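Enquirer: Before I ask anything, here is the structure I am working with.
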Amino acid sequence: MTAVLETPVLARHEAARNTTLRDDAAPCPAGPVTVGPLAVVSGAAEYVPLTDGATVRYANLDYAASAPALEAVQRAVATALGEYASVHRGAGYLSQRSTARYESARATVAEFVGARDDDHVIFTGNTTDSLNLLARCVPGEVVVLDAEHHANLLPWQHGGVRVVCAPLSIEGTLAAVEAELSRRPAALLSVTGASNVTGEVLPVRRLAAIAHRYGARICVDAAQLAPHRRISLRDSGIDYLAFSGHKLYAPYGAGVLVGRADWLDDADPYRYGGGATYEVIGKPVARSVEVAWHTGPARHEAGSPNVLGAVAIAAAAVELTRLTDEAAEHERFLTELLSAGLADIDGVRELRIWVDSVERVGIVAFTVDGVAPREVAEYLSDQHGIGVRDGRFCAHPIVARLGVPDGAVRASLGLGTTETDVRRLVDAIAELVTGRNK
């Protein structure tokens, strides 16, 4: 059996473990919890020990970091694993089955994001990997906002990047981007679809129009947007889109880059190796080889691909497509409930980047006066069985500019989140503040 690496937080929980059930958490079935037409597994009905010895249903409010697997995703991966074999080069039946699943997943993802007929869908490790791949393909400078996750801030450094300080309004930010692109040409504008710090959504369609007006293309980091909102490259004008499976209810180690073929086909392969090559000719006299590389997705997918990860993303895409407007409305209700509840607690401040933003996904970041973010997060976990994220969220520049250089606490919602979970968090923060003010 593989040992679990024990952290201080885990040690505190395990030391107090017993079977006492807290009154604020009614027993749940051991199976998946159904939300609308979908089901969430992996933690949706888990019980965790508290440091007082009680046990409580885990309130997962950390979906923005990693979302649990959908039941349909788990089934799809289990089926594919039973027939798993090498892809693309095997003539055997199972190799052909695995190849068909992998390429079918590619087609499903293309449909999920409204890709154009000539767009490439490349499977990667995650959003960070996707953007690093694209960074090797961009024939010129890149413009980004200082509000970006590091995944969309750092990969562009070696090719030339210009960082725009996002004014405290959406309209001001659009104007600042336009001013930068008009000042000096750029090849690419790369922006987040939804902030991983505050959940605020940028008007991607308008940004795409601005980029194209000045001869630039646009890439959208959709890691936080894709799990919550439908996206269409064709309709929005997005040229490149990146997102991760582990935030899309498909935590099996894969990501996606979708976008226009020419830059991807013209660039050197992201990795060198088998699968990316069309022909390799040995030249013994010159002690070298001559290589002809594939075009298309294979050019950047050298080595054995993560077939199960691709299958997982495709299964999640199919399920998320079934979501109705009712699900988005429920998320909006829970987000507003959380914001309003925190606003009623003295000393709690919610972080917002843009004063005029009206659209957001289920992410709320906040601070508690006089209490370090890690202390708040540990208190929520130890005393209430609530999981949140604390720190600077891999978005150091914007977090510092919002006046919290040491970070904040982030609660993020997903398909398994209930009204009870949100109220538990609000009540717990109120209890923390009241206890410290006595």
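FYI, it's all coordinate maths here, none of it is from the lab. Being a predicted model, the structure only gives us computed values, none of them experimental. Because the Cβ atoms are built from the backbone with ideal geometry, glycine has one as well, and the counts that use them run over all protein chains shown.
Enquirer: Per residue of segment 63-75, in order, report the coupling 6.51 cos²θ - 1.76 cosθ + 1.60 (Karplus, θ = phi - 60°) as ³J(HN,Hα) in whole Hz, putting x for Gly and Pro.
Expert: 5, 5, 7, 7, 9, x, 7, 6, 4, 5, 5, 4, 5
Enquirer: Name the residue from H149, A85, A317 whose Cα lies farthest towards the positive end of the charge dipole of the chain, charges +1 on Cβ of Lys and Arg and -1 on Cβ of Asp and Glu.
Expert: Sorting the options by dipole projection puts first A85.
Enquirer: What does the helix-only formula give at 222 nm for the chain: each DSSP H stretch with n ≥ 4 adding -39500 (n - 2.57), the total divided by the residues, and the result rounded to the nearest 500 deg cm²/dmol? Provide the component values of the computation, followed by the final result.
Expert: On the way: 13 runs with 154 residues, N = 438.
Only helices count here, giving -11000 deg cm²/dmol.
Enquirer: Shape of segment 46-173 from its Cα gyration tensor (a ≥ b ≥ c, root eigenvalues): rounded if a/c is under 1.5, otherwise prolate when a/b > b/c, or oblate?
Expert: Numbers: a/c = 2.49, a/b = 1.11, b/c = 2.25.
Oblate is the answer for segment 46-173, as a/c is 1.5 or above yet b/c matches or exceeds a/b.
Enquirer: Kindly provide log₁₀ I(q)/I(0) values, in the same order as q = 0.10 Å⁻¹, from the Debye equation applied to equal alpha-carbon scatterers of segment 311-438.
Expert: After summing over all Cα pairs, the log10 values are -0.35.
Enquirer: Length gain on complete extension for the stretch F333 to H88, per 0.36 nm per residue less the alpha carbon to alpha carbon distance?
Expert: Details: separation 245, 0.36 × 245 = 88.20 nm, distance 4.61 nm.
Full-extension gain reported as 83.6 nm.
Enquirer: I need the fraction of alpha carbon pairs in the chain separated by more than 29 Å, rounded to a whole percent.
Expert: Working: 48063 of 95703 pairs.
Tail fraction, whole percent: 50.
Enquirer: Please give the Cα centre distance for segment 303-370 versus segment 394-438, rounded to the nearest Å.
Expert: Rounded to whole Å, the Cα centres lie 13 Å apart.
Enquirer: Figure the gain on full extension for A179 and D356 (residue separation times 0.36 nm, minus the Cα-Cα span) and round it to one decimal in nm. If you can, show how the numbers build up before the last one.
Expert: Details: separation 177, 0.36 × 177 = 63.72 nm, distance 1.98 nm.
Contour length minus the Cα-Cα distance gives 61.7 nm.
Enquirer: Could I have the simple spin-label model distance between T79 and V318, label points 7 Å from Cα toward Cβ, reported in nm to one decimal?
Expert: Label at T79, label at V318, 0.5 nm between them.
Enquirer: With everything on Cα atoms, drop me the angle between helix 307-321 and the longest principal axis of the chain, reported from 0 to 90° to the nearest 10.
Expert: Between the helix axis and the principal axis of the chain, the angle is about 60 degrees.
Enquirer: Same structure, new question: On a 0 to 90 degree scale, rounded to 10, what angle separates helix 93-112 from the longest Cα axis of the chain?
Expert: Tilt relative to the chain: about 70 degrees.
Enquirer: Excluding L181 itself, calculate the net charge of residues whose Cβ lies under 12 Å from the Cβ of L181, where each Lys or Arg counts +1 and each Asp or Glu counts -1. Can you show the working numbers first?
Expert: Values: positive: R162, R183, R184, R213, R217; negative: E141, E178, E180.
Result for the neighbourhood of L181: +2.
Enquirer: Can I ask one more? Taking the Cα centre as origin and putting +1 on Lys and Arg beta-carbons and -1 on Asp and Glu beta-carbons, what dipole magnitude results for the chain, to the nearest 20 debye?
Expert: Numbers: 41 positive and 53 negative charges, 189 e Å.
It works out to roughly 900 debye.
Enquirer: Kirkwood hydrodynamic radius for segment 138-297: how many Å is it when counted over pairs of different Cα atoms? List each step's numbers first, then the result.
Expert: Values: mean 1/r = 0.0578 Å⁻¹.
For segment 138-297, the Kirkwood estimate is 17.3 Å.
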